[in-house]
Amino acid sequence: MEYTEIMIRYGELSTKGKNRKDFIGRLAGNVTKVLRDFPQVEIHPKHDRMHIVLNGAPFKQVDQHLKKVFGIQTYSPTIKTEKTLKDIEETALALMKETYHEGMTFKVNTKRSDHHFTYDTNELNLMVGDYLFDHMSNLKVEMKHPDIVLRIEVRQDAVYISDELLHGAGGMPVGTGGRAVMMLSGGIDSPVASYLALKRGVDIEMVHFYSPPYTTEKALNKAKELTGILANYAGRINFIAVPFAEIQETIKEKIPEGYLMTVQRRFMLRLADLIREKRKDLAIFNGESVGQVASQTLESMAAINDVTTTPVLRPVATMDKTEIISLAEKIGTFDLSIQPFEDCCTIFAPPRPKTKPKMDKAREYEARLDVDGLIERALDGIEVTPIYPDEKFLANKAEEDTALL
C-alpha cells in the first residue's frame, strides 16, 4: 500500500528553546524549496514533528531530495489511519505483508502523544502483535535487534504507522547560522568545507577567482557545476565569479618569487572580504587544511589573514587528506574535483614558495603595487549567477565528441 505522508523528527532542533519556532520555520522553507518539483505535497511544520502529506507524490523520488536537507535527524514514510483498533490492525497487517519476508524478525513499538486514547502502549503492542500472528504465518519476534520495527504513533489527530526509520542529513537548517562567503576553488577541499558550513546552518555564497586566458571556460564551469552539487543541500547558491588575471600578472611582474603565493592569497582574501561586506555577509569560509600546502602553514595563514579582521573559518583545517577525500566521495564532488582543469591557484604557482613568510615583508612588497586600483577593477568585473541543485555547465563526453564531428 502507498505511504500517505512522511513524518520528520528534528533532532538537534529540540535543544533550541525559545528559538525553536524560527528554526522549524526555516527548515520548512528549505524543505519547500527542495520539493518544488512536487507541487502536490503539503508541508505542515509542528512543534515536535513535521508532516509532509504526499497526496500521491512517489515517496522514493521525494526521498532522494529529502535526505539532503540539513536539520532533519530521522524521518519515516507513514500511513495515516483512523484512531480505531480495527483500522490500526488492518493497516499494520497490510504494511507487514508488503515488507516482511520469511526469516525476518519484527517487533511492534507504540508511542502515544494522545494519553486519552483507549489503549496504552503495552496494550496496543500486544493486540497488534496478536492480530499479525493470527493473520500471517512464520512470524518471529525479536525485541532487541529486529529486522523490522512496526512503529505506531498515536497522535491527537490520527494514528501513523510506519516500518522504516530513515536517517536524515542531521545538522542545522541552512540559513539559521547566518550568511557567509565561501572561497571556492576547483579542488577537493573547498567543496567539502562548503558542505560542512551548510551542515551547521550557514547560508553560503561562492566566491570563485578565474584568470582568463590562463584558465579556461571549462575551469569556470567546473566550479559552477560543483556549486550545483552543493546546492542540493541549500536549494540555491549564488556563484560570484571574480576576474583575477590582471592581479596575478602584476604580482608575477613585481613581487619576488618566494612571496608570489602569499601576496596573491592576500589579494584573494581582500576581495572576498569586500564582497562579503557589500553583500552583508558575516564571515569568510575556505578549504584550507593546516600544513597541506605552503599557503596553509600557520605562518602563511597569519601573513595572509593580516588583511582582514573578519572571521575566517576553515571547516577542514584539522582533517587529513584521506578524510577529506572520503567525505568528497560521499557528497558526490570528488569525481568532478579531480577533473584536470587548472584554476588560478595553480597557473602562477611558484616552484619554491615561502612556507614561513614574514608579515612585514608581505606588506613591504605589496606597497609596490596599486592595490586599490587592482582591487577596484576586479570588483567591477564580478558576475553573480544563482545556481540550482544539479545544474549542469560542463558538456558530457558524448556531447563533446558530437561537437567535434
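The values are calculated or read from the model by the stated rules, or taken from the named source; none is laboratory data. This structure is a prediction, so every number in the text was calculated from the model and none was measured. Positions of Cβ are backbone-derived with ideal geometry, glycine not excepted, and every protein chain shown enters the neighbour counts. For the accessible areas, the whole protein counts, side chains as well, though only heavy atoms, and no ligand, DNA or RNA atoms are used. Shrake-Rupley method; radii C 1.70, N 1.55, O 1.52, S 1.80 Å.
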Original post:
Which residue, of L166, L220, L196, is out of contact with any helix residue (DSSP H, G or I) (no Cβ under 9 Å at 6 or more places or on another chain) and either in contact (Cβ under 8 Å) with a residue 12 or more places away in the chain or open to solvent by 10 Å² or more (accessible area, probe 1.4 Å) (or both)?
Top reply: L220
Original post:
If you take the residues in the range 257-311 that are among the β-branched types (V, I, T) and part of a loop (DSSP other than H, G, I, E, B), which one is farthest from the chain's Cα centre (by Cα)?
Top reply: V307
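Out of all the residues in the range 94-136, which are in a helix (DSSP H, G or I), open to solvent by 20 Å² or more (accessible area, probe 1.4 Å) and in contact with a helix residue (DSSP H, G or I) (Cβ under 8 Å, 6 or more places away or on another chain)? Walk me through it before giving the result.
Going through the range 94-136, the residues in a helix (DSSP H, G or I) turn out to be 94-99, 121-135.
Restricting the remaining residues to those that are open to solvent by 20 Å² or more (accessible area, probe 1.4 Å) gives 94, 97-99, 121-123, 125-127, 130-131, 133-135.
Once the filter is applied, which keeps residues that are in a helix (DSSP H, G or I), open to solvent by 20 Å² or more (accessible area, probe 1.4 Å) and in contact with a helix residue (DSSP H, G or I) (Cβ under 8 Å, 6 or more places away or on another chain), the range 94-136 yields M127, Y131, H135.
Out of all the residues in the range 6-26, is one or more part of a strand (DSSP E or B), open to solvent by 60 Å² or more (accessible area, probe 1.4 Å) and either at pLDDT 90 or above or basic (K, R) (or both)? Before the answer, list the steps.
As a first pass, look at the range 6-26 and keep what is part of a strand (DSSP E or B): 6-9.
Add one more test, that the residue is open to solvent by 60 Å² or more (accessible area, probe 1.4 Å), and what stays is none.
Within the range 6-26 (the criterion being part of a strand (DSSP E or B), open to solvent by 60 Å² or more (accessible area, probe 1.4 Å) and either at pLDDT 90 or above or basic (K, R) (or both)), the answer is no, since none of the residues qualifies.
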**OP:** Count, please, the residues in the range 371-394 that happen to be free of Cβ contacts under 8 Å to residues at least 40 places away in the same chain and open to solvent by 70 Å² or more (accessible area, probe 1.4 Å).
**Re:** 3
Original post:
Quick one: what pairs do we get from the range 351-365, first residue assigned by the TED database to the domain that holds S295, second surrounded by 15 or more Cβ atoms within 10 Å (Cβ to Cβ) and not in a helix (DSSP H, G or I), C-beta under 6 Å, 6+ apart or different chains?
Top reply: T355/T297; M359/D306; Y365/I255
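Taking the options T32, T84, name whichever one is within 20 Å of P173 (Cβ to Cβ), open to solvent by 20 Å² or more (accessible area, probe 1.4 Å), of a type in the set (S, T, Y) and free of Cβ contacts under 8 Å to residues at least 40 places away in the same chain.
Working: T84 fails: within 20 Å of P173 (Cβ to Cβ).
T32 is the lone residue from the list that is within 20 Å of P173 (Cβ to Cβ), open to solvent by 20 Å² or more (accessible area, probe 1.4 Å), of a type in the set (S, T, Y) and free of Cβ contacts under 8 Å to residues at least 40 places away in the same chain.
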Original post:
What are the pairs, 6+ residues apart or on separate chains, where a residue within the range 42-62 that is more than 15 Å from A158 (Cβ to Cβ) has its Cβ under 6 Å from a residue that is aromatic (F, W, Y) and crowded, with 19+ Cβ neighbours inside 10 Å?
Top reply: F59/Y3
Original post:
For the range 154-251, which fully contained strands (runs of 3 or more DSSP E) count at least 1 residues that are within 15 Å of F285 (Cβ to Cβ) and of a type outside the set (F, W, Y)?
Top reply: 179-183, 203-210, 237-243
Subject >> Scope the range 112-147; condition closer than 21 Å to A94 by Cα, in contact with a strand residue (DSSP E or B) (Cβ under 8 Å, 6 or more places away or on another chain) and of a type in the set (S, T, Y); matching residues >> reply: T121
**OP:** Find the residue count for the range 262-314, including only residues that are open to solvent by less than 40 Å² (accessible area, probe 1.4 Å), under 22 Å from I204 (Cα atoms) and either among the small types (G, A, S) or in contact with a helix residue (DSSP H, G or I) (Cβ under 9 Å, 6 or more places away or on another chain) (or both).
**Re:** 21
